[in-house]
Amino acid sequence: MKPFRTEKYNDFTKPVIRKKMEKALAKVESQFGREYSIIIGGKRIRLDKKFHSYNPSKKGEIIGTFQKADEQTAEQAMDAALETFKSWRYTSAKTRANYLFKIANIMRKRRFELDAWMVLEEGKNWLEADADVAEAIDFCDYYAHEVLRYDKGPKLYEFPGEINKQIYIPLGVGIVIPPWNFPLAILVGMTTASFVCGNTVILKPSSSSPGIAAKFMEIIEQAKVPVGVVNFLTGPGAIAGDYLVRHPKTRFIAFTGSKAVGLRIVEQAGKAQPGQIWIKRVIAEMGGKDLIIVDSEADIDSAVTGARASAFGFQGQKCSACSRLILDDNIYDKFMKKFIPTVEAIKVGPVKNYENYMGPVINEPAYNSILEYIKIGKSEGNLICGGEPDPGDGWFIQPTVIVDIEAHHRIFQEEIFGPVLAVTRARNFDHAIELANDSVYGLTGAVYTKNKKKIEKAKREVFVGNLYINRKCTGALVGIQPFGGFNMSGTDSKAGGPDYLLLFMQAKSIAEYLGTKKKVKKSTKSKRKKRK
Ligand code: NAD
């Protein structure tokens, strides 16, 4: 088994790589309009009620047609997942890990195709799309390694006359509810973590990215994961999602999405239903109001690059995106003089064209909500850049910067999830930290300063799950920067880290009494020998 290493990104500056991507984009476009089934226990199911997934770069262009699951279909999925759990729970960790290695390899082979799906269904630029696919591959590889590590069990102290061990066993049926914004990475991460631990899964993808989810389901089948281990259920969150969250046989829910839906899930899952015999476990990773502090002693050029990428990469639609820029008064003018021209230079348009850095926002409700926040921001502060829809066929919005924002303003406090940056002045470093922590969220933050004492202070006092020093606040890597936030940003699950799989298992402690003293000694000795 090769040691874990993160995937390299494709270098799209090379013409040969660009050609491959163009070919993949054409191939995916030729598949537009296909219909995709719900898949339960390996059976394909079509329903009367359907919905479409659209290309956000071209209003009205249908990517695919999907089934709208109702409660009855959700119940069928639960039956299949429960039935499969009876055998899947006892498969070895090695067998389960091997499926993940296989899935990772298939994704490597289908990399450009998956990239292209993300560009067309999501409006991610090529590099962002490729990073999403790379992260999905990393999750598979990493969790496969991790489950084998957990399988060895923790080290316990010895007790005379007994063999003691702690083993990790699965929980049961899990409902996996991912967001649309990392439609492959987060979906794959939560799904594979669930089933590599011996659980079975009902996967309910977001209705804004069901096409990419359907491609992952194809890969699950290609890897010959036994039917019923992952059941694929498309449809509205408020129907299928709600029903399954409340279901008495649901053992855990792995959710990533907004604060509002996350809190609803926590509340619903907390109510024991008739026939329920356990406390449901909820892993809920939610929103952010992430920040970058640029201190008076910072490297300004590096901070400008980091702030631009963090605020406007993927149109600001990352949970980790910088939406609060906190600038020390002493460098404010110098920073803004360099920063604003780089924002104005951002190319917005269909990301099918490689040269466009920023694509559309995901859909019409998001577009309207972001424009409404821009209106609010203009009334709270001063717009100095962007602020308008960008012309074109899709849901394009210009990169927007609003200054003179204070901590009590709505655009300082509420998650906008779009290309809108609120800029606030800080009197000094202490004030900057105070502003940074003035939020119900606590997901990511970056601090730019060359002062070592201030770096140590930031490490101690900036209250976020993922803190970055002198680099951007987006782009956490699997196995390197475990990811998850504090406060209303979620349960701090630290996806892609060594504690993550524990959330999908329960530990069983087994003490075996060995009988007579003679036997005890012999057995303990032979066990010690074996260990050596
Ligand atoms: P969302 O909350 O609207 O939807 C997330 C998922 O929940 C979707 O699959 C949706 O269908 C489902 N859902 C909706 N209503 C439901 C209900 N009543 N019961 C069960 N499921 C339901 O979020 P979104 O718009 O898809 O994603 C954007 C949000 O996700 C942002 O707030 C972003 O910050 C957050 N996010 C957080 C992280 C993180 O790691 N903390 C990562 C990515 C995105």
**OP:** Within the range 474-503, track down each residue that is open to solvent by less than 30 Å² (accessible area, probe 1.4 Å) and either modelled with pLDDT under 95 or within 16 Å of the ligand (Cβ to nearest atom) (or both).
**Re:** Thr474, Ala476, Val478, Gly484, Gly485, Ser489, Gly490, Ser493, Ala495, Gly496, Gly497, Tyr500
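Can you confirm whether Thr95 is more than 26 Å from the chain's Cα centre (by Cα), within 25 Å of Val225 (Cα to Cα) and of a type outside the set (A, V, I, L, M, F, W, C)? Write out each step before concluding.
Details: more than 26 Å from the chain's Cα centre (by Cα): no; within 25 Å of Val225 (Cα to Cα): yes; of a type outside the set (A, V, I, L, M, F, W, C): yes.
The answer is no for Thr95.
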Original post:
Restricting the search to the range 264-297, which residues are buried (at least 23 other Cβ atoms within 10 Å of the Cβ) and within 22 Å of Ala436 (Cβ to Cβ)?
Top reply: Glu285, Met286, Gly287, Gly288, Lys289, Asp290, Leu291, Ile292, Ile293, Val294, Asp295
Subject >> 1 or more residues open to solvent by less than 20 Å² (accessible area, probe 1.4 Å): qualifying strands (runs of 3 or more DSSP E) within the range 14-82 >> reply: 38-40, 50-54, 62-67
Original post:
In the range 164-199, what residues are touching a Ser or Thr at 6+ places or on another chain (Cβ under 9 Å), of a type in the set (S, T, N, Q) and more than 13 Å from the ligand (Cβ to nearest atom)?
Top reply: Asn164, Gln166, Ser194
Original post:
Has the range 308-319 got any residue that is in the same structural domain as Leu421 (by TED's automatic domain parsing), more than 16 Å from the ligand (Cβ to nearest atom) and surrounded by fewer than 24 Cβ atoms within 10 Å (Cβ to Cβ)?
Top reply: yes
Original post:
Residue check, Gln481 against (1) assigned to a helix (DSSP H, G or I); (2) not assigned by TED's automatic domain parsing to the domain that holds Gly313, all met but one. Which one?
Top reply: (1)
Subject >> Checking Asp132 against (1) under 19 Å from Phe232 (Cα atoms); (2) within 13 Å of the ligand (Cβ to nearest atom); (3) not hydrophobic (A, V, I, L, M, F, W, C), the condition it does not meet >> reply: (1)
Original post:
Looking at the range 204-251, which of its residues are within 12 Å of the ligand (Cβ to nearest atom), on the phi < 0 side of the Ramachandran plot and in a loop (DSSP other than H, G, I, E, B)?
Top reply: Lys204, Pro205, Ser206, Ser207, Ser208, Ser209, Leu233, Thr234, Pro236, His247
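The values are calculated or read from the model by the stated rules, or taken from the named source; none is laboratory data. Please read all numbers here as calculations on a predicted model, not as lab measurements. Virtual Cβ from ideal backbone geometry, glycine too; neighbours counted across all protein chains shown. SASA here: full protein model, heavy atoms, side chains in, ligands and nucleic acids out. Shrake-Rupley method; radii C 1.70, N 1.55, O 1.52, S 1.80 Å.
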